[in-house]
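Scroll down for the structure; my scribbles are underneath it.
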Amino acid sequence: CEGEKDVLAIEKAGGVATCNPMGAGKWRDEYSWHLRGTKVVIVADNDPSGRKHAVQGRESLLNVGASVTIVEAKEGKDAADHMEAGFGLG
């Protein structure tokens, strides 16, 4: 996710989530090693910087063998808006 607010919204719905420090465009390759070999769903913010950030993260995660899918909120800008609108994790 892009930010703590989104992480908290996903956790409240029963999911497991994380974000990187300092927001969009700040993903560092060393973060990917913690998720190597896992299945990752990146929830991109619905704006140009959010989409660019998601692609950056995906490329880094693919390099460590993660399986990566990028999704966006069905309503609003981010995961928190999506959850607030009544959409779940599925």
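The values are calculated or read from the model by the stated rules, or taken from the named source; none is laboratory data. Computed from a predicted model, the values in this text were never measured in an experiment. No Cβ is skipped: glycine too gets one built from the backbone with ideal geometry, and neighbour counts run over all protein chains shown. These area figures cover heavy atoms from the full protein model, side chains too; ligands, DNA and RNA do not enter into them. Shrake-Rupley method; radii C 1.70, N 1.55, O 1.52, S 1.80 Å.
The figures follow:
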| read-out | value |
| --- | --- |
| Compactness of the chain, expressed as Rg and Dmax over alpha-carbon positions, Å | 12.2, 34 |
| Heavy-atom accessible area order for MET22, MET83, largest first, 1.4 Å probe | MET22, MET83 |
| Cα-projected label distance for THR18 with THR69, points at 7 Å along beta-carbon direction, nm | 2.0 nm |
